[in-house]
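Written below as C-alpha coordinates is the structure these notes are about.
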Amino acid sequence: MNRKRYFELGDFLKSRFDFKVQKISVNAGFTCPNRDGTVGTGGCTYCNNQTFSPEYCQTNKSISRQISEGIEFFSRKYPEMKYLAYFQSYTNTYGKLTELTEKYEEALAIPGVVGLIIGTRPDCMPDKLLDYLTRLAQKTFVLIEYGVESTYNSTLQYINRGHDFETAKETICKTAAAGILTGAHLILGLPGEDRNTILSHAEKISCLPLTTLKLHQLQLIRHTHMARQYMETPEKFHLYEIDEYIDLAIDFAERLNPGIVIERFVSQSPKELLIAPQWGLKNYEFTARLLHRMQERDTYQGKYYTPEKL
(Lines give C-alpha, C1' and ligand atoms only; values in the text may rest on other atoms or scores of the structure.)
Protein backbone atom coordinates (compact mmCIF):
# COMPACT_ATOMS: atom_id res chain seq x y z
CA MET A 1 0.00 0.00 0.00
CA ASN A 2 1.61 3.25 -1.18
CA ARG A 3 -1.07 5.68 -0.06
CA LYS A 4 -0.41 8.13 2.74
CA ARG A 5 -1.61 6.91 6.10
CA TYR A 6 -2.98 10.32 7.05
CA PHE A 7 -3.17 13.87 5.68
CA GLU A 8 -0.04 15.49 7.07
CA LEU A 9 0.51 19.21 7.61
CA GLY A 10 3.66 19.14 5.49
CA ASP A 11 1.70 17.92 2.48
CA PHE A 12 -0.89 20.63 2.98
CA LEU A 13 1.74 23.36 3.21
CA LYS A 14 3.45 22.07 0.06
CA SER A 15 0.15 22.55 -1.74
CA ARG A 16 0.02 26.18 -0.58
CA PHE A 17 3.65 27.29 -0.85
CA ASP A 18 6.51 26.77 -3.31
CA PHE A 19 9.05 26.94 -0.47
CA LYS A 20 9.57 25.54 3.03
CA VAL A 21 7.66 27.28 5.80
CA GLN A 22 8.04 27.10 9.57
CA LYS A 23 5.74 28.31 12.33
CA ILE A 24 7.19 30.76 14.83
CA SER A 25 5.25 31.12 18.08
CA VAL A 26 4.38 34.59 19.32
CA ASN A 27 3.19 35.62 22.77
CA ALA A 28 1.40 38.89 22.10
CA GLY A 29 0.52 39.53 25.74
CA PHE A 30 -3.18 38.75 25.49
CA THR A 31 -5.27 37.35 28.31
CA CYS A 32 -8.40 35.23 28.18
CA PRO A 33 -12.07 36.01 28.88
CA ASN A 34 -12.14 32.84 30.94
CA ARG A 35 -9.54 34.35 33.27
CA ASP A 36 -10.45 38.01 33.58
CA GLY A 37 -14.08 37.46 34.59
CA THR A 38 -15.75 38.24 31.26
CA VAL A 39 -16.70 34.59 30.74
CA GLY A 40 -15.26 33.06 33.89
CA THR A 41 -12.31 33.04 36.26
CA GLY A 42 -9.47 30.64 36.84
CA GLY A 43 -9.23 29.58 33.21
CA CYS A 44 -9.70 26.08 31.86
CA THR A 45 -8.85 23.48 34.48
CA TYR A 46 -6.00 21.94 32.44
CA CYS A 47 -4.36 25.18 31.33
CA ASN A 48 -0.84 26.34 32.08
CA ASN A 49 0.41 28.37 29.11
CA GLN A 50 4.04 27.74 30.07
CA THR A 51 3.61 24.26 28.59
CA PHE A 52 3.71 25.47 24.99
CA SER A 53 5.66 28.72 24.90
CA PRO A 54 9.22 28.51 23.49
CA GLU A 55 11.99 30.33 25.31
CA TYR A 56 12.07 33.17 22.77
CA CYS A 57 8.31 33.66 23.29
CA GLN A 58 8.19 36.17 26.17
CA THR A 59 5.84 39.08 26.70
CA ASN A 60 8.68 41.42 27.71
CA LYS A 61 9.85 41.21 24.10
CA SER A 62 8.09 42.88 21.20
CA ILE A 63 6.40 40.76 18.56
CA SER A 64 9.08 41.81 16.09
CA ARG A 65 11.87 40.71 18.43
CA GLN A 66 10.21 37.36 19.21
CA ILE A 67 9.80 36.57 15.53
CA SER A 68 13.29 37.82 14.64
CA GLU A 69 14.82 35.59 17.31
CA GLY A 70 12.76 32.67 16.04
CA ILE A 71 13.92 33.31 12.48
CA GLU A 72 17.53 33.53 13.66
CA PHE A 73 17.17 30.14 15.33
CA PHE A 74 15.68 28.34 12.33
CA SER A 75 17.62 30.11 9.58
CA ARG A 76 20.92 28.67 10.76
CA LYS A 77 19.88 25.34 9.31
CA TYR A 78 17.42 26.50 6.64
CA PRO A 79 18.48 29.92 5.31
CA GLU A 80 15.82 29.88 2.57
CA MET A 81 12.96 29.16 4.97
CA LYS A 82 9.87 31.38 5.14
CA TYR A 83 7.71 31.76 8.23
CA LEU A 84 4.18 31.78 9.60
CA ALA A 85 3.71 33.91 12.72
CA TYR A 86 1.78 31.73 15.17
CA PHE A 87 -0.14 33.76 17.76
CA GLN A 88 -0.35 30.92 20.26
CA SER A 89 -0.64 31.87 23.92
CA TYR A 90 -4.05 32.59 25.41
CA THR A 91 -6.83 34.15 23.29
CA ASN A 92 -5.36 36.03 20.34
CA THR A 93 -8.58 37.62 19.09
CA TYR A 94 -9.51 39.05 22.48
CA GLY A 95 -8.96 42.80 22.60
CA LYS A 96 -9.71 46.05 20.84
CA LEU A 97 -9.80 45.76 17.06
CA THR A 98 -7.07 48.37 16.58
CA GLU A 99 -4.79 46.61 19.07
CA LEU A 100 -5.33 43.25 17.40
CA THR A 101 -4.76 44.45 13.85
CA GLU A 102 -1.61 46.35 14.84
CA LYS A 103 -0.12 43.18 16.30
CA TYR A 104 -1.00 41.05 13.29
CA GLU A 105 0.39 43.63 10.88
CA GLU A 106 3.56 44.05 12.91
CA ALA A 107 4.19 40.34 12.43
CA LEU A 108 3.41 40.42 8.71
CA ALA A 109 5.76 43.36 8.17
CA ILE A 110 8.81 41.30 9.15
CA PRO A 111 10.80 40.06 6.12
CA GLY A 112 10.27 36.36 5.57
CA VAL A 113 6.87 36.18 7.28
CA VAL A 114 4.33 34.93 4.73
CA GLY A 115 1.22 34.44 6.85
CA LEU A 116 -0.50 34.15 10.21
CA ILE A 117 -1.88 31.38 12.37
CA ILE A 118 -4.09 32.73 15.14
CA GLY A 119 -5.10 30.59 18.09
CA THR A 120 -8.29 31.59 19.87
CA ARG A 121 -11.60 30.55 21.41
CA PRO A 122 -14.81 30.06 19.40
CA ASP A 123 -16.61 32.62 21.58
CA CYS A 124 -14.05 35.32 20.72
CA MET A 125 -14.54 36.12 17.04
CA PRO A 126 -16.50 39.39 16.74
CA ASP A 127 -17.96 40.25 13.35
CA LYS A 128 -15.72 43.29 12.78
CA LEU A 129 -12.60 41.24 13.39
CA LEU A 130 -13.88 38.47 11.13
CA ASP A 131 -14.46 41.06 8.39
CA TYR A 132 -10.88 42.29 8.78
CA LEU A 133 -9.47 38.75 8.70
CA THR A 134 -11.57 37.96 5.62
CA ARG A 135 -9.94 40.84 3.77
CA LEU A 136 -6.51 39.87 5.08
CA ALA A 137 -6.96 36.26 3.93
CA GLN A 138 -7.46 37.50 0.38
CA LYS A 139 -3.90 38.85 0.44
CA THR A 140 -1.95 36.40 2.59
CA PHE A 141 -2.11 33.03 4.33
CA VAL A 142 -4.43 33.15 7.38
CA LEU A 143 -5.46 30.17 9.50
CA ILE A 144 -7.69 30.61 12.54
CA GLU A 145 -7.29 27.79 15.06
CA TYR A 146 -10.15 27.32 17.53
CA GLY A 147 -9.87 25.48 20.81
CA VAL A 148 -12.83 23.10 20.78
CA GLU A 149 -11.35 20.51 23.19
CA SER A 150 -14.49 18.32 23.35
CA THR A 151 -17.79 17.95 21.50
CA TYR A 152 -19.65 17.14 24.74
CA ASN A 153 -21.09 20.04 26.72
CA SER A 154 -20.89 18.13 30.00
CA THR A 155 -17.12 17.79 29.52
CA LEU A 156 -16.75 21.44 28.52
CA GLN A 157 -18.56 22.44 31.68
CA TYR A 158 -16.40 20.14 33.83
CA ILE A 159 -13.17 21.65 32.49
CA ASN A 160 -14.53 25.20 32.94
CA ARG A 161 -14.20 25.92 29.25
CA GLY A 162 -16.78 28.71 29.28
CA HIS A 163 -18.47 27.88 25.96
CA ASP A 164 -20.47 24.99 24.51
CA PHE A 165 -19.96 22.89 21.39
CA GLU A 166 -22.79 24.69 19.59
CA THR A 167 -20.75 27.90 19.81
CA ALA A 168 -17.75 26.11 18.32
CA LYS A 169 -19.80 24.71 15.43
CA GLU A 170 -21.35 28.09 14.64
CA THR A 171 -18.04 29.97 14.71
CA ILE A 172 -16.15 27.37 12.67
CA CYS A 173 -18.84 27.39 9.99
CA LYS A 174 -18.96 31.18 9.94
CA THR A 175 -15.18 31.49 9.65
CA ALA A 176 -14.89 28.93 6.87
CA ALA A 177 -17.81 30.53 5.00
CA ALA A 178 -15.84 33.79 5.05
CA GLY A 179 -13.10 32.11 3.04
CA ILE A 180 -10.66 31.76 5.95
CA LEU A 181 -8.73 28.54 6.60
CA THR A 182 -10.10 27.12 9.84
CA GLY A 183 -8.57 24.73 12.36
CA ALA A 184 -9.65 23.06 15.58
CA HIS A 185 -8.00 21.55 18.63
CA LEU A 186 -9.20 18.54 20.65
CA ILE A 187 -7.90 16.88 23.81
CA LEU A 188 -8.32 13.10 23.83
CA GLY A 189 -8.92 11.50 27.22
CA LEU A 190 -10.59 14.26 29.22
CA PRO A 191 -12.21 13.07 32.47
CA GLY A 192 -15.46 11.21 31.91
CA GLU A 193 -14.82 10.46 28.24
CA ASP A 194 -14.35 6.79 27.35
CA ARG A 195 -13.21 5.33 24.02
CA ASN A 196 -16.67 5.48 22.40
CA THR A 197 -17.12 9.10 23.45
CA ILE A 198 -13.71 10.03 22.04
CA LEU A 199 -14.40 8.30 18.73
CA SER A 200 -17.70 10.14 18.44
CA HIS A 201 -15.67 13.38 18.45
CA ALA A 202 -14.20 12.27 15.13
CA GLU A 203 -17.63 11.83 13.61
CA LYS A 204 -18.87 15.22 14.83
CA ILE A 205 -15.70 17.08 13.86
CA SER A 206 -15.77 15.47 10.40
CA CYS A 207 -19.03 17.26 9.65
CA LEU A 208 -17.43 20.70 10.10
CA PRO A 209 -15.67 22.72 7.35
CA LEU A 210 -12.23 22.35 8.90
CA THR A 211 -8.86 22.62 7.19
CA THR A 212 -6.73 21.37 10.08
CA LEU A 213 -7.11 19.47 13.34
CA LYS A 214 -4.73 19.23 16.27
CA LEU A 215 -5.09 16.34 18.69
CA HIS A 216 -3.24 15.69 21.88
CA GLN A 217 -3.38 13.39 24.84
CA LEU A 218 -4.64 14.59 28.18
CA GLN A 219 -1.67 15.74 30.22
CA LEU A 220 -1.67 16.66 33.89
CA ILE A 221 0.34 19.83 34.36
CA ARG A 222 1.67 21.22 37.61
CA HIS A 223 -0.04 24.28 39.10
CA THR A 224 -3.39 23.61 37.37
CA HIS A 225 -6.80 22.99 38.84
CA MET A 226 -6.97 19.67 37.00
CA ALA A 227 -3.81 18.47 38.74
CA ARG A 228 -5.52 19.15 42.05
CA GLN A 229 -8.65 17.34 40.88
CA TYR A 230 -6.53 14.33 39.98
CA MET A 231 -4.98 14.24 43.43
CA GLU A 232 -8.45 14.37 45.02
CA THR A 233 -10.33 12.02 42.65
CA PRO A 234 -7.88 9.94 40.57
CA GLU A 235 -10.64 7.45 39.74
CA LYS A 236 -12.18 10.04 37.37
CA PHE A 237 -9.09 10.01 35.16
CA HIS A 238 -7.73 7.51 32.66
CA LEU A 239 -4.18 8.33 31.68
CA TYR A 240 -3.26 6.40 28.56
CA GLU A 241 -0.17 4.26 28.18
CA ILE A 242 1.70 5.02 24.97
CA ASP A 243 0.64 2.00 22.92
CA GLU A 244 -2.93 2.26 24.15
CA TYR A 245 -3.07 5.89 23.07
CA ILE A 246 -1.52 5.10 19.69
CA ASP A 247 -4.31 2.65 18.95
CA LEU A 248 -6.89 5.17 20.16
CA ALA A 249 -5.43 7.89 17.90
CA ILE A 250 -5.50 5.50 14.94
CA ASP A 251 -9.10 4.52 15.70
CA PHE A 252 -9.90 8.24 15.73
CA ALA A 253 -8.13 8.87 12.42
CA GLU A 254 -9.97 5.98 10.78
CA ARG A 255 -13.26 7.75 11.49
CA LEU A 256 -12.08 11.25 10.54
CA ASN A 257 -12.86 13.00 7.27
CA PRO A 258 -9.75 12.31 5.11
CA GLY A 259 -9.85 15.87 3.79
CA ILE A 260 -8.94 17.30 7.21
CA VAL A 261 -5.22 17.82 7.89
CA ILE A 262 -4.11 16.11 11.10
CA GLU A 263 -1.49 18.56 12.26
CA ARG A 264 -0.45 16.48 15.26
CA PHE A 265 -1.53 13.58 17.47
CA VAL A 266 0.34 14.50 20.66
CA SER A 267 1.72 17.42 22.60
CA GLN A 268 4.96 17.49 24.54
CA SER A 269 4.96 19.55 27.74
CA PRO A 270 8.15 20.60 29.52
CA LYS A 271 9.41 17.80 31.75
CA GLU A 272 9.53 20.05 34.81
CA LEU A 273 5.80 20.82 34.48
CA LEU A 274 4.46 17.43 33.40
CA ILE A 275 3.00 15.19 36.08
CA ALA A 276 1.64 12.45 33.79
CA PRO A 277 1.68 10.60 31.48
CA GLN A 278 5.46 10.32 31.36
CA TRP A 279 6.05 8.71 27.96
CA GLY A 280 9.57 9.98 27.36
CA LEU A 281 9.06 10.33 23.61
CA LYS A 282 9.69 13.25 21.30
CA ASN A 283 6.81 14.11 18.98
CA TYR A 284 8.62 12.74 15.92
CA GLU A 285 9.33 9.47 17.79
CA PHE A 286 5.64 9.15 18.63
CA THR A 287 4.68 9.78 15.00
CA ALA A 288 7.11 7.11 13.80
CA ARG A 289 5.57 4.57 16.17
CA LEU A 290 2.06 5.57 15.14
CA LEU A 291 2.87 5.19 11.44
CA HIS A 292 4.45 1.79 12.09
CA ARG A 293 1.31 0.71 13.94
CA MET A 294 -0.90 1.99 11.10
CA GLN A 295 1.15 -0.09 8.70
CA GLU A 296 0.74 -3.14 10.93
CA ARG A 297 -3.00 -2.59 10.96
CA ASP A 298 -3.02 -1.77 7.24
CA THR A 299 -5.16 1.27 7.91
CA TYR A 300 -5.41 4.96 7.08
CA GLN A 301 -7.30 8.18 7.85
CA GLY A 302 -10.91 8.00 6.78
CA LYS A 303 -11.06 4.21 6.43
CA TYR A 304 -14.36 4.11 8.30
CA TYR A 305 -15.46 7.68 7.57
CA THR A 306 -19.05 8.04 6.43
CA PRO A 307 -20.16 11.53 5.34
CA GLU A 308 -23.22 12.69 7.22
CA LYS A 309 -24.74 15.90 8.44
CA LEU A 310 -24.13 17.06 12.01
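Observations
- Hits in the range 160-185 (condition: assigned to a loop (DSSP other than H, G, I, E, B) and either farther than 20 Å from residue 12 by Cβ or of a type in the set (Phe, Trp, Tyr) (or both)): 160, 161, 162, 163, 164
This table checks each residue for (1) over 13 Å from residue 159 (Cβ atoms); (2) of a type in the set (D, E, K, R); (3) free of Cβ contacts under 8 Å to residues at least 12 places away in the same chain.
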{"residue": "179", "(1), (2), (3)": "yes, no, no"}
{"residue": "195", "(1), (2), (3)": "yes, yes, no"}
{"residue": "214", "(1), (2), (3)": "yes, yes, no"}
{"residue": "220", "(1), (2), (3)": "no, no, no"}
{"residue": "238", "(1), (2), (3)": "yes, no, no"}
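- Exclusive hit being touching a residue at least 12 places away in the same chain (Cβ under 8 Å) and either more than 15 Å from residue 5 (Cα to Cα) or under 19 Å from the mean Cα position of the chain (by Cα) (or both), set 287, 233: 287
- Put simply, of 155, 175, 140 the only residue that is among the β-branched types (Val, Ile, Thr), farther than 19 Å from residue 250 by Cβ and buried (at least 23 other Cβ atoms within 10 Å of the Cβ) is 175.
- Condition check for residue 210: crowded, with 22+ Cβ neighbours inside 10 Å, modelled with pLDDT of 95 or more and not hydroxyl-bearing (Ser, Thr, Tyr): yes
- Qualifying residue in the range 252-266 (condition: in a loop (DSSP other than H, G, I, E, B) and either more than 12 Å from residue 6 (Cα to Cα) or free of Cβ contacts under 8 Å to residues at least 12 places away in the same chain (or both)): yes
- Of all positions in the range 282-290, none carries a residue that is assigned to a loop (DSSP other than H, G, I, E, B), in contact with a strand residue (DSSP E or B) (Cβ under 9 Å, 6 or more places away or on another chain) and modelled with pLDDT under 95.
- Applying the criterion of being in contact with a Phe, Trp or Tyr (Cβ under 8 Å, 6 or more places away or on another chain) and part of a helix (DSSP H, G or I) to the residues of the range 237-251, the residue that is surrounded by the fewest Cβ atoms within 10 Å (Cβ to Cβ) is 242.
- The listed residue being closer than 30 Å to residue 164 by Cβ, among the hydroxyl-bearing types (Ser, Thr, Tyr) and at pLDDT 95 or above, out of 86, 46, 90: 86
- Matching residues in the range 3-26 - criterion: being more than 16 Å from residue 290 (Cβ to Cβ), among the hydrophobic types (A, V, I, L, M, F, W, C), touching a strand residue (DSSP E or B) at 6+ places or on another chain (Cβ under 6 Å) and surrounded by 14 or more Cβ atoms within 10 Å (Cβ to Cβ): 12, 13, 21, 24, 26
- Restricting attention to the range 22-37 and to residues that are in a strand (DSSP E or B) and touching a residue at least 60 places away in the same chain (Cβ under 8 Å), the residue that is nearest to residue 60 (Cα to Cα) turns out to be 26.
- Screening residue 130 against (1) modelled with pLDDT of 95 or more; (2) of a type in the set (A, V, I, L, M, F, W, C); (3) buried (at least 21 other Cβ atoms within 10 Å of the Cβ); (4) not in a strand (DSSP E or B) leaves a single unmet condition, (3).
The values are calculated or read from the model by the stated rules, or taken from the named source; none is laboratory data. Computed from a predicted model, the values in this text were never measured in an experiment. We place every Cβ from the backbone using ideal geometry, glycine too, and count neighbours over all the protein chains shown.
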